[in-house]
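Shown below is the structure under consideration.
The values are calculated or read from the model by the stated rules, or taken from the named source; none is laboratory data. All values reported here derive from a predicted model rather than from experimental measurement. Cβ coordinates were reconstructed from backbone atoms using ideal geometry, including for glycine residues, and neighbour counts include every protein chain displayed.
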Amino acid sequence: MGNHCANTRARRKNSPYSPPRHRAPVSRNLARTTVSAGVLALSVTGSAAPVALAGTDTPPAPVVAASAPLPVASVLGVPGTTAADPGVVLPLAQPKSAAPKVEAPPQPPAGSAEPVGDQVTQWITEAVEILRAQGIPVSTEDIPAIRTVIEKESDGDPEAVNRWDANARAGHPSKGLMQCTDFTFEANKLPGHDDILDPVDNIIAGVRYTIGRYGAFSEHPGIRSINSGGGYRGY
């Protein structure tokens, strides 16, 4: 019997036919997992490249990472920038230049201010100062009365010329602020004040004539008439 068993094993070993070995069944769950993994790989990559599924010998396609965003400078087309040059920085906006500083005009030195008041008052004040320096008995208290005469005679116009009264008909019209004739002006002007149409020169001659004829400027016939309630009278 021992020889029989040995001969039987020898025949099986040398026989060209061997019965199929038992193979373990493939789990359906494993197959589903493999297929799902392949579909997930296709969804992540977003590529149309073929992906190996379960049961194939082809390896799955590699997952391609999303490309990095281009620098802002490259997208905007700034010269000298490329996608491989992410270190370029756009220039900052330049600040607006400040408005130029306007300097105030220079102020006149102390003590050089003009006299307070309108132009006529300034002319009268200057003339009174000149007359007082020459010893003429006139004061600043006479300034209102002198102004009244000027307003009545010429309306404050230093170039006024009367061409209609008796003096004009006689050929020597009255001129200037205080309406002096050429004869009156020449007889009462001061040296250096020779222009009958100059406002200060004309006031000097008119005041000297009034004081010389009536004794004081307050005695001017027009001023006396006004002070007594009447109208203005020429001199």
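Just to be sure before I move on: is VAL128 modelled with pLDDT of 95 or more, surrounded by 15 or more Cβ atoms within 10 Å (Cβ to Cβ) and within 58 Å of the chain's Cα centre (by Cα) in the structure I sent?
It is true that VAL128 is modelled with pLDDT of 95 or more, surrounded by 15 or more Cβ atoms within 10 Å (Cβ to Cβ) and within 58 Å of the chain's Cα centre (by Cα).
Any idea which of GLY192, GLY230 is out of contact with any Ser or Thr (no Cβ under 9 Å at 6 or more places or on another chain), exposed (fewer than 14 other Cβ atoms within 10 Å of the Cβ) and within 15 Å of ILE130 (Cβ to Cβ)?
Matching residue, one of GLY192, GLY230: GLY192.
When you go through (1) closer than 18 Å to ALA133 by Cα; (2) crowded, with 20+ Cβ neighbours inside 10 Å; (3) of a type outside the set (Gly, Ala, Ser) one by one for PRO158, which number turns out not to apply?
(1)
Could I ask something else about it? Please pick out the residue among VAL120, VAL138, VAL149, VAL161 that is touching a strand residue (DSSP E or B) at 6+ places or on another chain (Cβ under 6 Å), closer than 21 Å to LYS189 by Cα and modelled with pLDDT of 95 or more.
Within the list VAL120, VAL138, VAL149, VAL161, the selection yields VAL161.
Pairs please, first residue from segment 187-212 and of a type in the set (Ser, Thr, Tyr), second anywhere and part of a helix (DSSP H, G or I), Cβ atoms under 6 Å, 6+ apart in sequence or on different chains.
TYR209/THR184; TYR209/ASN188; THR210/PHE217
Now for a separate question. Search segment 127-140 for residues that are without any contact (Cβ under 8 Å) to a residue 12 or more places away in the chain and pair each with any residue that is surrounded by 11 or more Cβ atoms within 10 Å (Cβ to Cβ) and in a loop (DSSP other than H, G, I, E, B) when their beta-carbon atoms are under 7 Å apart and the residues are at least 6 apart or on different chains.
From segment 127-140, the pairs are ARG132/VAL138.
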